[in-house]
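See structure below.
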Amino acid sequence: MNTEILGDTMGETRHTKVLIIGSGPAGYTAAVYASRAMLNPILVQGMQPGGQLTITTEVENWPGDSHVQGPDLMVRMEEHARAMGAEIISDYITSLDLQNRPFTAKADSGTTFTADAVILATGAQAKWLGLPTEEKFKGFGVSACATCDGFFYRGKEVVVIGGGNTAVEEALFLTNFATKVTLIHRRDSLRAEKIMQDRLFKHPKIEMQWNSEVTEVLGSENPNSVTAVRTRNLITGDVKDVPCHGFFVAIGHAPASELVKDQLPLHNGGYVEVEAGTTRTAIPGVFAAGDLTDHVYRQAVTSAGMGCMAALDAERFLAGQ
């Protein structure tokens, strides 16, 4: 499919009323709404069509589906957007000019897109430790989302790594399911808000392991499952295995804001700033939705909601032009 599209569009310039960049729940929902508003949107999928949900196996919190596979859900969203009339292109945007109107986006294939309005839905990615064993057990006991996967660890022991608000929130959330939660941090104090720390330290199910790093995820194969994590004390060098069924990496998220980092105001380490209660950015006609702007909720359903808002905001903006 790629080759045809890339072949056909080499060096071509195409204009659209609405250009949607990104193809997670926010991008696809924006495409559904923009299509229904007769704006004939073009959606450019990016490097990872379907976004983070394509690396999540089980999704149990998507309304209307008590149980769905992440990749299947994204295939359905893409089909829905196409059925409404959105044009979906398998390519990725390498540069974006928001200083001049119409806005201009250059794609990897050589195509240039010009647009009267842009919806940014490039998402974010969890930061990982980068261990080969972490990669091996991703989706089989290694996760970066307690709210997505905590449910699977009822009556089991889990480990969380990190020291900020996210790590503390995830550890506290996991106590709803797990019998024991070990929080591992590389320093001797947490960066999380004081009130969160107090709740954490008072919790009978949570144990701290300070000044430590995780060096390896241990587990069994066929099927893959986690049995422990190997830790090293950064002061004494002591190596210790912590038994667990689940290992949650909570060392932060990196929003995919590279395209706009010098053009739009960012906050909290790279999230695109939007006007409260809207998806409007600092540049009129440019809207941002989903995990690219959201460092708080980061759920598929909230991203989809913002995608809807972005399309409606874009429609109003274009009607006023």
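The values are calculated or read from the model by the stated rules, or taken from the named source; none is laboratory data. Given the structure is predicted, the values throughout are model-derived calculations rather than measurements. Note that each Cβ is placed from the backbone with ideal geometry, even for glycine, and that neighbours are counted across all protein chains shown.
Quick notes on this structure:
- Looking across the range 140-169, the residues that are aliphatic (A, V, I, L, M) and within 20 Å of Q197 (Cβ to Cβ) come down to A146, V158, V159, V160, I161, A167, V168.
- Residues in the range 164-192 that are outside any helix (DSSP H, G or I), buried (at least 20 other Cβ atoms within 10 Å of the Cβ) and either of a type in the set (S, T, Y) or outside the structural domain of L234 (by TED's automatic domain parsing) (or both): T182 alone.
- Total residues in the range 173-222, condition within 20 Å of R154 (Cβ to Cβ) and either in contact (Cβ under 8 Å) with a residue 24 or more places away in the chain or β-branched (V, I, T) (or both): 16
- Filtered residue count, the range 100-152, keeping only those that are without any contact (Cβ under 8 Å) to a residue 24 or more places away in the chain and farther than 21 Å from A256 by Cβ: 2
- Counting only strands (runs of 3 or more DSSP E) wholly contained in the range 66-163, the ones carrying 1 or more residues that are more than 30 Å from R186 (Cα to Cα) and of a type in the set (G, A, S) occupy 93-97, 103-107, 112-120.
- Identification of strands (runs of 3 or more DSSP E) wholly contained in the range 243-319 with 2 or more residues that are out of contact with any helix residue (DSSP H, G or I) (no Cβ under 8 Å at 6 or more places or on another chain) and either surrounded by fewer than 17 Cβ atoms within 10 Å (Cβ to Cβ) or of a type in the set (A, V, I, L, M) (or both) yields no element.
- Flag for T122 being crowded, with 18+ Cβ neighbours inside 10 Å and either at pLDDT below 95 or under 18 Å from P49 (Cα atoms) (or both): yes
- The range 225-243, residues that are of a type outside the set (A, V, I, L, M) and closer than 12 Å to E157 by Cα: T227, P243
- Single residue of P204, P265, P223 found to be more than 14 Å from the chain's Cα centre (by Cα) and in the same structural domain as A26 (by TED's automatic domain parsing): P265
- A Cβ distance below 7 Å, combined with a sequence gap of six or more or placement on separate chains, defines the contacts here; from the range 86-98, residues that are in contact (Cβ under 8 Å) with a residue 12 or more places away in the chain and under 15 Å from G50 (Cα atoms) reach residues that are crowded, with 16+ Cβ neighbours inside 10 Å and among the hydroxyl-bearing types (S, T, Y) in the pairs D91/S109; D91/T111.
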